[in-house]
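S.K.: Shown below is the structure under consideration.
The values are calculated or read from the model by the stated rules, or taken from the named source; none is laboratory data. These numbers come from a predicted model, not from an experiment. Don't worry about glycine lacking a Cβ; one is built from the backbone with ideal geometry, like all the others, and counts go over all protein chains shown.
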Amino acid sequence: MLEIFLKTLPFFAIIGVGYWAGRVKFFTPEATGYLTKFVFYFALSAMLFRFSANLSIAEILDWTYIVAYFWATALVYLLVTAVALLRWRSVEEAAIEAQCGVIGNVGFLGVPMLVLLMGEDAIGPVMLILAVDLIFFGSLVVILITGSRDGRMSLGILKTVGTGLIKNPMIVSIVLGFAWSASAMPIPVPFNEFLSILGGAATPGALFAIGASLATKSAERMEVATWLSFSKLVLHPAAVAVSALWLFSVDPYSASVMIAAAALPVAGNVYMIAQHYGVAPTRVSASILISTAVSILTVSLVIGWVT
């Protein structure tokens, strides 16, 4: 376990450096925003395209794996939603809290860290999880928030969801990468090296950006944020473990990647959604702050257990 902790420590150390840079204003919120854009639109996209272009979607597409992850995630999603509604929170707030309970930082933290710690075979399983999170649950929260405000479903909501998916560089880069893979054309050496160099900036850039963005987060509504962090770091990976290992009998290695990915802290894009729609941004902010800090230990424990 100590060995795993020491392997994950450098990742969280870079997050810590980013946090320090944000706290002392060496990196202003504006600078952090531009760094996040660089990672999101360029470095991470290059990494995901390169990964997917060297994979065959027919080889990694595993519906049992997808259903196992979806079932467990939906279960925790419904539980967190029910707890919010029992506290007399609105549907909008319940939807945001449910996102905090199940959507981990797979793109910025999971892709670079799990691939390095668990091997390149983790690429396919991690991408499937990222796709489910972005396409289904990312769309669901928008539908619930806009639908509850309008009082009904409309074509406008579906247009908003579709536009958001098309404009998401992670989805676009994965789709284009698989399209390239399906064409059976080899990646030209100069282009492959370009992707490798640019994609290499994704890991340190993403981790530093996570830390710098945490420096601007506040820790209000601690009791709710603690519950949401517990849901994300404990309930979600536990539900995924039961689903993958016992209910659906997923391949052991793929199941270990799924459980490790489920143990990641609350994703930063949940805060972006909350801020965009004006729904409990400080609650989400605190959840990201707490879950990221605690995950220094919990992620190591989970990865140590599954490996």
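S.K.: Let me spell it out: the conditions are (1) in contact (Cβ under 8 Å) with a residue 24 or more places away in the chain; (2) under 16 Å from Leu114 (Cα atoms); (3) not small (Gly, Ala, Ser), and Leu6 meets all of them except one. Which number is the exception?
M.R.: Of (1) in contact (Cβ under 8 Å) with a residue 24 or more places away in the chain; (2) under 16 Å from Leu114 (Cα atoms); (3) not small (Gly, Ala, Ser), only one is false for Leu6: (1).
S.K.: I've got another one for you. Only one of these conditions is not met by Ala43: (1) touching a residue at least 60 places away in the same chain (Cβ under 8 Å); (2) surrounded by fewer than 19 Cβ atoms within 10 Å (Cβ to Cβ). Which number is it?
M.R.: Condition not satisfied by Ala43: (2).
S.K.: In the list Ala286, Ala262, which residue meets the criterion of being modelled with pLDDT of 85 or more, within 11 Å of Ser229 (Cα to Cα) and crowded, with 21+ Cβ neighbours inside 10 Å?
M.R.: The unique qualifying residue is Ala286.
S.K.: Can you tell me which residue is surrounded by the most Cβ atoms within 10 Å (Cβ to Cβ) among those in region 232-259 that are among the small types (Gly, Ala, Ser) and in a helix (DSSP H, G or I)?
M.R.: By that ranking, first place goes to Ala244.
S.K.: OK, next. Glu120 versus (1) at pLDDT below 85; (2) within 22 Å of Thr36 (Cα to Cα): which is the lone unmet condition?
M.R.: Result: Glu120 fails condition (2) only.
S.K.: Follow-up. Hey, can you tell me all the residues within region 83-126 that are touching a Phe, Trp or Tyr at 6+ places or on another chain (Cβ under 9 Å), more than 18 Å from Val266 (Cβ to Cβ) and surrounded by fewer than 24 Cβ atoms within 10 Å (Cβ to Cβ)?
M.R.: Result: Val115, Leu116, Leu117, Met118, Gly119, Glu120, Asp121, Ala122, Ile123, Gly124.
S.K.: Then there is this: Using beta carbons and a limit of 8 Å, which pairs, at least six apart or on different chains, have the first residue in region 205-231 and under 20 Å from Ile296 (Cβ atoms) and charged (D, E, K, R) and the second one part of a helix (DSSP H, G or I) and at pLDDT 85 or above?
M.R.: Listed by first residue and then by second, the contacts come to Lys217/Ala286; Lys217/Ile288; Lys217/Leu289.
S.K.: Within region 273-302, which residues are out of contact with any Pro (no Cβ under 9 Å at 6 or more places or on another chain) and of a type in the set (S, T, N, Q)?
M.R.: Scanning region 273-302 gives Thr282, Ser285, Ser300.
S.K.: OK, next. Select from region 4-31 the residues that are under 20 Å from Gly110 (Cβ atoms) and not hydrophobic (A, V, I, L, M, F, W, C) and list them in ascending order. Steps first, answer last, please.
M.R.: The first filter runs over region 4-31 and keeps only residues under 20 Å from Gly110 (Cβ atoms), leaving 4-19.
Passing the criteria: Lys7, Thr8, Pro10, Gly16, Gly18, Tyr19.
S.K.: Only one of Thr28, Thr36 is over 26 Å from Ser173 (Cα atoms) and either out of contact with any helix residue (DSSP H, G or I) (no Cβ under 8 Å at 6 or more places or on another chain) or not small (Gly, Ala, Ser) (or both); which? Full working, then the answer.
M.R.: Values: Thr36 fails: over 26 Å from Ser173 (Cα atoms).
So the residue among Thr28, Thr36 that is over 26 Å from Ser173 (Cα atoms) and either out of contact with any helix residue (DSSP H, G or I) (no Cβ under 8 Å at 6 or more places or on another chain) or not small (Gly, Ala, Ser) (or both) is Thr28.
S.K.: Still on this structure, I have one more. Filtering region 51-79 down to residues that are crowded, with 21+ Cβ neighbours inside 10 Å and not hydroxyl-bearing (Ser, Thr, Tyr), which residue is nearest to Ala122 (Cα to Cα)? Spell out how you get there, then give the answer.
M.R.: Going through region 51-79, the residues crowded, with 21+ Cβ neighbours inside 10 Å turn out to be 51-53, 65, 68-69, 72-73, 76-77.
When the remaining residues are screened for being not hydroxyl-bearing (Ser, Thr, Tyr), the result is 51, 53, 68, 72, 76.
Working: Phe51: 11, Ala53: 15, Ala68: 17, Ala72: 20, Val76: 24 Å.
The extreme case among them is Phe51.
S.K.: Here is a follow-up. Can you tell me which of (1) over 21 Å from the mean Cα position of the chain (by Cα); (2) among the hydrophobic types (A, V, I, L, M, F, W, C); (3) not in a helix (DSSP H, G or I) is the one Leu264 doesn't meet?
M.R.: Just one mismatch for Leu264, condition (1).
S.K.: Also: Under 7 Å between Cβ atoms, at least 6 apart or on separate chains: pull out the pairs that start in region 193-204 with a residue that is in a helix (DSSP H, G or I) and end on any residue that is among the small types (Gly, Ala, Ser).
M.R.: Hits for this filter: Leu195/Ala46; Leu198/Ala43; Leu198/Ala46; Gly199/Ala43; Gly199/Ala46; Ala202/Ala43.
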